[in-house]
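So the structure is just underneath, and the comments pick up after that.
Nothing in this text is a laboratory measurement; each read-out follows from the coordinates by a stated rule. In this text, all values refer to a predicted model and were calculated from it rather than measured experimentally. Positions of Cβ are generated from backbone atoms using ideal geometry, with glycine treated the same way; all protein chains shown enter the neighbour counts.
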Amino acid sequence: MLLINVGTPESTSLFSVQKYLSQFLGDKRVINLPSIAKKILVNGLIVPFRAPRSRKLYQKLWTENGSPLLYYSVEIQKKLQKQLGDDYSVYLGMRYGKPSLKLVIDKLEKDNLKEIIVLPLFPQYASATTGTAIDYLFKLIRKWNTIPKIKILNQFYDNQGFIKAFSNNIKTYLIDNYDHILFSYHGLPLKQVFDSHDKLDCEEFNCSNEINDNNKYCYHATCYATTRLLAKSLELSKNQYTVCFQSRFTKKWLTPFTDEVIIQKAREGNKKLLVVSPSFVTDCLETIVEIGDDYKQLFIANGGEHLQLVESLNDGDDWVKALQSIILR
């Protein structure tokens, strides 16, 4: 059993952050440009200017256990191993950073396994997350002399255990005490979304309202589907929540943008917002700092009183049970 997460810098040093950003932004599935142009853009412009600011953000994020994303991923690996027992060996690899996916794949080869079940820890499929993890995995495994049976679990947004685990996290807050709920997903370039269904607009396939054969791997469609499942579990009416997308690089990303929705809600007189981010199974920079700190300040600056982040699944027992059900399915 191989769990894959996105990764994190090894420390908050400028060198570690630069190294991580270079790996991440150098991935062709994250920034799709000709090789030379991308190297100049990433290593000559983006990383030198972005790394110092990113370093300050990671310094806010860091705890005595280091990066929350890495800490919780390791804890999940341990708990899942205990839950599955001796019939399974649970491995953990990061697409960028450590534990390096390459070193983990080398260990898998040495262990001579009968079957490998691969679970990228991204609920909704996207080329820049699940896609790059699987792509890199096969680049490494294809060099093996003997390749065992491999099963890829490429998305799990509709798994009942996943929905239940996130719903239970949300229920720890008294929903009726909040004026509105935001389901904030990580943003994605529109081009990557349209590429998932023959470069056509999401309106062509009704992606905001249904899952069908044409959009079952459309990130936009599965984010809305995740929200519908959570809303049903929580018995929410449509006017109680909004779907939005955070962490954009440009305006040609999925909309509505979370920061703009937050400003709008504050100016409409909403005083208390509850924010859920179901595209992340572990708390990280985008949840703890971007939502829990930056967006909270943004909401208050525009007239709101309190913005509450719902913690991610992290190493919760419900999430461990959900992972077990996903694997054994």
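Here are a few things to note about the model shown:
- Within-13-Å neighbourhood charge of Gln59 [Cβ basis; K, R +1; D, E -1]: +3
- Net charge contributed by nearby residues that have their C-beta within less than 12 Å of Asp135 (K/R +1, D/E -1): +4
- Binning the alpha carbon pair distances of the stretch 160-309 at 5 angstrom intervals from zero yields the distribution 2, 9, 19, 21, 21, 15, 9, 3, 0, expressed in whole percent.
- Normalised by 2.2 N^0.38 Å, with N the number of residues, the alpha-carbon radius of gyration of the stretch 253-320 equals 1.18.
- Mean residue ellipticity (222 nm) of the chain, computed from DSSP H runs ≥ 4 via -39,500 (n - 2.57), nearest 500: -12000 deg cm²/dmol
- Among 167-177, 284-294, 61-71, the order from most to least packed when residues are scored by Cβ within 10 Å on average: 284-294, 61-71, 167-177
- Less than 5 angstrom separates the built amide H of Val275 from those of Leu182, Gln308, Leu309, Val310, all sequence-distant by 5 or more or on a different chain.
- For the chain, alpha-carbon Rg and Dmax in angstrom: 19.7, 64
- Part-to-part distance (alpha-carbon centres) for the stretch 135-150 and the stretch 276-305, which is given in Å: 39 Å
- Taking Cβ atoms as reference points and 14 Å as the exclusive limit, the residues near Gly269 contribute a net charge of +1, counting Lys and Arg as +1 and Asp and Glu as -1.
- Fewest-first ranking of Lys321, Lys232, Lys238, using other Cβ atoms within 10 Å as the exposure measure: Lys238, Lys232, Lys321
- In Hz, Karplus ³J(HN,Hα) per residue of the stretch 129-139 (6.51, -1.76, 1.60; θ = phi - 60°; x = Gly, Pro): 10, 4, x, 5, 5, 5, 4, 5, 4, 6, 4
- Over 27 Å apart at the Cα level, from the set Lys114/Lys216; Lys143/Lys252; Lys238/Lys272, are Lys114/Lys216; Lys143/Lys252.
- Selection from Cys223, Tyr241, Cys202 lying farthest towards where the dipole of the stretch 190-255 points positive, charges on Cβ: Tyr241
- Helix 47-61 vs. the chain, principal-axis angle (Cα, 0 to 90°, nearest 10): 70 degrees
- In a simple Cβ point-charge model (Lys, Arg +1; Asp, Glu -1; nothing else charged), the chain has a dipole of about 1040 debye relative to its Cα centre.
- Karplus 3J(HN,Hα) series, Hz, for the stretch 213-218 with 6.51 cos²θ - 1.76 cosθ + 1.60 (x for Gly, Pro): 4, 7, 10, 5, 10, 7
- Cβ charges +1 (Lys, Arg) and -1 (Asp, Glu), total dipole of the stretch 160-309, debye: 160 debye
- Sorted ascending by nearby beta carbons within 10 Å, beginning with the fewest, Thr227, Thr255, Thr12, Thr146 become Thr146, Thr255, Thr12, Thr227.
- Percent RCO, i.e. relative contact order, over the chain, from Cα pairs under 8 Å lying at least 6 residues apart: 21 percent
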